[in-house]
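Undergrad: The structure that follows is given in the form of structure tokens.
The values are calculated or read from the model by the stated rules, or taken from the named source; none is laboratory data. Everything numeric in this text was worked out from a predicted model, so none of it was measured. In this analysis, Cβ positions are derived from the backbone assuming ideal geometry, glycine residues included, and neighbour counts consider all displayed protein chains.
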Amino acid sequence: MSFFKKLKDKISQQTDQVTDKFKDGMTKTRDSFTSKVNDLVARYRKVDEEFFEELEEILISADVGVVTVMTLIEELELEVKRRNIQDTEAVKEVISEKLVEIYYDGDEEEPEELQLNEDGLSVILTVGVNGVGKTTTIGKLAHRLKAEGKSVLLAAGDTFRAGAIDQLEVWGERAGVDVIKHSEGSDPAAVIYDGIQAAKSRGVDVLICDTAGRLQNKVNLMNELAKVKKVISREVDGAPHETLLVLDATTGQNALSQAKTFKEATDVSGIVLTKLDGTARGGIVLAIKNEMDIPVKFVGLGERMEDLQPFDAHQFVYGLFGDLTTEDTQEE
Amino acid sequence: MAFEGLADRLQGTIKKITGKGKVTEQDVKEMTREVRLALLEADVNFKVVKDLIKRIKERAVGQDVLQGLNPGQQVIKVVKEELAELMGGEQSKLEVANKPPTVVMMVGLQGAGKTTTSGKLANHLRKQKNRNPMLVAADVYRPAAINQLETLGKQLEMPVYSEGTDANPVEIAKHAVNKAKEEHYDYVLIDTAGRLHVDEGLMDELQNIKEAVNPDEILLVVDSMTGQDAVNVAESFDEQLDVSGVVLTKLDGDTRGGAALSIKAVTGKPIKFAAMGEKLDQLEAFHPDRMASRILGMGDVLSLIEKAETDVDEKKAKEMEQKMKDASFTLDDFLDQMGQVRNMGSLDEIMNMMPGAGKMKGLKNMQLDEKQIDYVEAIIRSMTLKERTDPSVINASRKKRIAQGSGTSVAQVNRLLKQFNEMKKMMKQMMGGKKGKKKGGMNFPFM
Ligand SMILES: Nc1nc2c(ncn2[C@@H]2O[C@H](COP(=O)(O)OP(=O)(O)OP(=O)(O)O)[C@@H](O)[C@H]2O)c(=O)[nH]1
Ligand SMILES: [Mg+2]
């Protein structure tokens, strides 16, 4: 079975609705990427050095990252030689294959689900730099978990940014969940502590903690985050069950530095990649998964409550190569 | 980090290429390969990189190598000049309308930092320019966006015009400008909702606001961490609104900020301000030259080149080291060092530039406060030459004068002097060798 066929099968097993949403959300990304690759393939009949150079540019323009791209191109060149591929059409498949391979790197090829405590309280901590979409993601996630039948509580741990508490409260209202808050300027660890106590006494399933955005090079702020995390682990066994790093898909190479530093400070367990509804590339997640082994768990595809979808590398590649895939399977 | 590897390699390549009087084609080829990677790693758009590399190649081949440099460094010199040219000169002035109020519209993607920047700009206009601005909350979409601006307004004790979330942003903007006219505000800063540049409906809304209030400035606010897409974002905002300038935010982070170069290259619009932190006074004029160094990420090589250019040799560094040893390092030297490093962009580099400081344990994790540096600079600048070389003459009345001149307090002056003395002691120990094993690390005056 061809790789594309497999990919297609994998995706059609999922509900059509999910895939369509994902596809719609990623229209921009896909359009630019696919048309570029198609155009490239159309212009070059033969696989040669120039072909690879242009391919390199296409990947770089998707923010995949220089180091990853260079490695990828090298591997592609080898693979093309090994399989004795002459014609550019055939390279398309190898490209997709390699991209998924980079992401999974031999790991289990299943979408990564949230690792929550099945009986008892689970705590999710969200972290990230300023403006990436933490608070919005929490709103969306609360909505999602509630729809799955879980009871959810939010803790307004961003006591710093003006209006942050109000913002979370609006999301709480939209999702129909309560928000534990203190006043602006208070100690974030104390709010989170109160959130945990409230979650315990109310017997809530999931507590999601918002935190203030912070740039990863601010040592004192990163220490503050580590402290918040300590409070959570001290108060609830095995918590935080998930520490989600929110990354903006428009971000370039700095996302790698973000992943690295936040992982050091809070042992990040998963990534939420937001704003993929733009022409945003988000290619950097390939590098992050590859270099740091942090899986992407969700993607944000818009500003509405429903615009959070579980991440699936196959879907991601499908999103990028959607048209290519369809063409190929039709031919078969 | 991947980037350090690249910077190292770039340095390595420079070292490899030595001992020739002219830059050969091979030198250029080797260097530009590394430069290309460095620029791409810095998120400069690949098309912009391509053009740049082409120009650099054309210019660099056959050049005479400057005294004190090797051919590799000579190529970097060309790179630096090309970058500087592309970045253009400094330009942080805001337009002023013939008839007040001057209307400024803030636009950009979600999460770029428009609201905070609006607050900072208002603060800047009042503090630096003695203006009387009014803020306008036209983001009716993001939850609590109005609230956020109102909170900033309260902190600044500045009026914020809003009509709640049910009003139409175009109407809000119109009403706000009318109100500003009536009440004689001289600047109106309109904070608009973040939107994707590909969202036609919302981009139309911006055009409608523009038509309704005829702004004197449309500032595109861009996150300095933006990747390859920065060109598309800037291009479409500019095409649809004809922006007048750019504000680059979150530059206090550790991004190389290649987006700055991309934006400048595709729009030609000046980057007017750099936002350097979350506090409302952390907005600065944008320095293209610092940005160029930052993007290239090669402070050391660049300063070496500057040295060669201005014919400053190793002697000065030696002098400095000697000064530290015999503790004749003055406040002037200190200021000098600070200025030098500040020009290069990142604060962490200050530490690396202070001879020996990089070797000191515990410095890596210390926090530098930009504002403290400003104070330190202001204080030292308010001293006479004599005071700078011999701080012991600074008595109570001199302290008072210095505090007044620098807009600080006597306590701040005292603190600086105390810390400077401690630092000098520490340096002496350090340069003198083993015995300086004091615990607790040292306190620089700007920490
Ligand atoms: N288009 C789009 N916009 C998003 C997405 N996620 C968040 N946003 C928007 O991005 C902006 C910033 O989102 P926030 O949730 O406030 O980000 P944050 O990380 O909590 O920000 P701070 O708390 O200020 O650090 C808001 O305007 C959101 O509506 C997404 O997936 N797509
Ligand atoms: Mg937030």
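Undergrad: Name the residue, out of B:ILE218, B:ILE209, that is closer than 17 Å to B:GLY113 by Cα and aliphatic (A, V, I, L, M).
TA: Going through B:ILE218, B:ILE209 in turn, just one is closer than 17 Å to B:GLY113 by Cα and aliphatic (A, V, I, L, M): B:ILE218.
Undergrad: Out of the residues in region A:189-215 that are farther than 19 Å from A:LEU116 by Cβ and in contact with a helix residue (DSSP H, G or I) (Cβ under 6 Å, 6 or more places away or on another chain), which is farthest from ligand 2 (Cβ to nearest atom)?
TA: A:TYR193
Undergrad: Considering each of B:VAL44, B:VAL79, B:VAL49, B:VAL107 in turn, give the residue that is more than 14 Å from chain A (Cβ to nearest Cβ), within 22 Å of the chain's Cα centre (by Cα) and at pLDDT 90 or above.
TA: Only one candidate passes the filter, namely B:VAL107.
Undergrad: If the Cβ limit is 6 Å and pairs must be 6+ apart or interchain, which residue in region A:49-66 that is within 10 Å of chain B (Cβ to nearest Cβ) and buried (at least 18 other Cβ atoms within 10 Å of the Cβ) pairs with which residue that is assigned to a loop (DSSP other than H, G, I, E, B) and modelled with pLDDT under 85?
TA: A:ALA62/A:ARG281; A:ALA62/A:GLY283; A:ASP63/A:ARG281; A:ASP63/A:GLY283; A:VAL64/A:GLY283
Undergrad: I need the strands (runs of 3 or more DSSP E) fully contained in region B:166-283, keeping only those with at least 3 residues that are in contact with a Pro (Cβ under 7 Å, 6 or more places away or on another chain), more than 10 Å from chain A (Cβ to nearest Cβ) and under 19 Å from B:VAL136 (Cα atoms).
TA: B:187-192
Undergrad: May I pose another question? Output the residues belonging to region A:131-168 that are within 6 Å of ligand 1 (Cβ to nearest atom) and hydrophobic (A, V, I, L, M, F, W, C).
TA: A:VAL132, A:ALA164
Undergrad: Here's a follow-up. For region B:96-116, how many residues meet the condition of being crowded, with 23+ Cβ neighbours inside 10 Å, more than 16 Å from ligand 2 (Cβ to nearest atom) and not in a loop (DSSP other than H, G, I, E, B)?
TA: Number satisfying all stated conditions: 6.
Undergrad: I need a count of the residues in region A:114-141 that are under 21 Å from A:LYS181 (Cβ atoms), more than 16 Å from ligand 2 (Cβ to nearest atom) and under 13 Å from the mean Cα position of the chain (by Cα).
TA: So the count comes out to 0.
Undergrad: Within 13 Å of ligand 1 (Cβ to nearest atom) and small (Gly, Ala, Ser): which single residue out of A:GLY252, A:GLY278, A:GLY283 fits that description?
TA: Answer to the check: A:GLY278.
Undergrad: In addition: Any idea which of A:ARG174, A:ARG161 is assigned by TED's automatic domain parsing to the domain that holds A:ALA226, within 10 Å of ligand 2 (Cβ to nearest atom), over 22 Å from the mean Cα position of the chain (by Cα) and farther than 13 Å from A:VAL204 by Cβ?
TA: A:ARG161
Undergrad: Looking only at region A:187-224, which residues are out of contact with any strand residue (DSSP E or B) (no Cβ under 6 Å at 6 or more places or on another chain) and within 16 Å of ligand 1 (Cβ to nearest atom)?
TA: Across region A:187-224, the qualifying residues are A:ALA212, A:GLY213, A:ARG214, A:LEU215, A:GLN216, A:ASN217, A:LYS218, A:LEU221, A:MET222, A:GLU224.
Undergrad: For region A:116-130, which residues satisfy the criterion of being more than 8 Å from ligand 1 (Cβ to nearest atom) and in contact with a Phe, Trp or Tyr (Cβ under 9 Å, 6 or more places away or on another chain)?
TA: Once the filter is applied, which keeps residues that are more than 8 Å from ligand 1 (Cβ to nearest atom) and in contact with a Phe, Trp or Tyr (Cβ under 9 Å, 6 or more places away or on another chain), region A:116-130 yields only A:VAL127.
Undergrad: Go over the candidates B:ARG131, B:ARG126 one by one and state the one that is in contact with a strand residue (DSSP E or B) (Cβ under 8 Å, 6 or more places away or on another chain), over 23 Å from A:ASN130 (Cβ atoms) and in a loop (DSSP other than H, G, I, E, B).
TA: So the residue among B:ARG131, B:ARG126 that is in contact with a strand residue (DSSP E or B) (Cβ under 8 Å, 6 or more places away or on another chain), over 23 Å from A:ASN130 (Cβ atoms) and in a loop (DSSP other than H, G, I, E, B) is B:ARG131.
Undergrad: Check region B:179-201 and report whether any residue there is under 24 Å from the mean Cα position of the chain (by Cα), among the hydrophobic types (A, V, I, L, M, F, W, C) and within 16 Å of ligand 2 (Cβ to nearest atom).
TA: no
Undergrad: Let me ask something else about it. Quick one: A:LEU245 ticks every box in (1) within 16 Å of ligand 2 (Cβ to nearest atom); (2) out of contact with any Ser or Thr (no Cβ under 6 Å at 6 or more places or on another chain); (3) at the interface with chain B (Cβ under 10 Å from one of its Cβ atoms) except a single one, so which number is it?
TA: (3)
Undergrad: May I pose another question? Given the conditions (1) polar (S, T, N, Q); (2) in contact (Cβ under 8 Å) with a residue 40 or more places away in the chain; (3) within 8 Å of another protein chain (Cβ to nearest Cβ), and given that A:THR266 satisfies all but one, which numbered condition is not satisfied?
TA: Failing condition for A:THR266: (3).
Undergrad: Continuing with the same structure: So A:VAL129 clears everything in (1) outside any helix (DSSP H, G or I); (2) more than 8 Å from every other protein chain (Cβ to nearest Cβ) except one condition, right? Which one?
TA: Unmet for A:VAL129, out of (1) outside any helix (DSSP H, G or I); (2) more than 8 Å from every other protein chain (Cβ to nearest Cβ): (2).
Undergrad: Another question about this same structure. Exactly one of (1) within 19 Å of A:ILE232 (Cα to Cα); (2) among the acidic types (Asp, Glu); (3) more than 12 Å from ligand 2 (Cβ to nearest atom) is unmet by A:GLU184. Its number?
TA: Tallying (1) within 19 Å of A:ILE232 (Cα to Cα); (2) among the acidic types (Asp, Glu); (3) more than 12 Å from ligand 2 (Cβ to nearest atom), A:GLU184 fails exactly one: (1).
Undergrad: A follow-up question, please. Does A:GLU291 fit the bill of being surrounded by fewer than 24 Cβ atoms within 10 Å (Cβ to Cβ), within 11 Å of chain B (Cβ to nearest Cβ) and either within 16 Å of ligand 2 (Cβ to nearest atom) or assigned to a helix (DSSP H, G or I) (or both)?
TA: Judged against the criteria, A:GLU291 is a match.
Undergrad: Another question, then. Output yes when any residue across region A:254-262 is under 22 Å from A:GLY238 (Cβ atoms) and modelled with pLDDT of 95 or more, and no when none is.
TA: For region A:254-262, residues under 22 Å from A:GLY238 (Cβ atoms) and modelled with pLDDT of 95 or more: present.
Undergrad: Wholly within region A:136-238, which helices (runs of 4 or more DSSP H) include no fewer than the required count, namely at least 2 residues that are under 30 Å from B:LYS154 (Cα atoms), within 11 Å of chain B (Cβ to nearest Cβ) and free of Cβ contacts under 8 Å to residues at least 60 places away in the same chain?
TA: A:164-175, A:219-235
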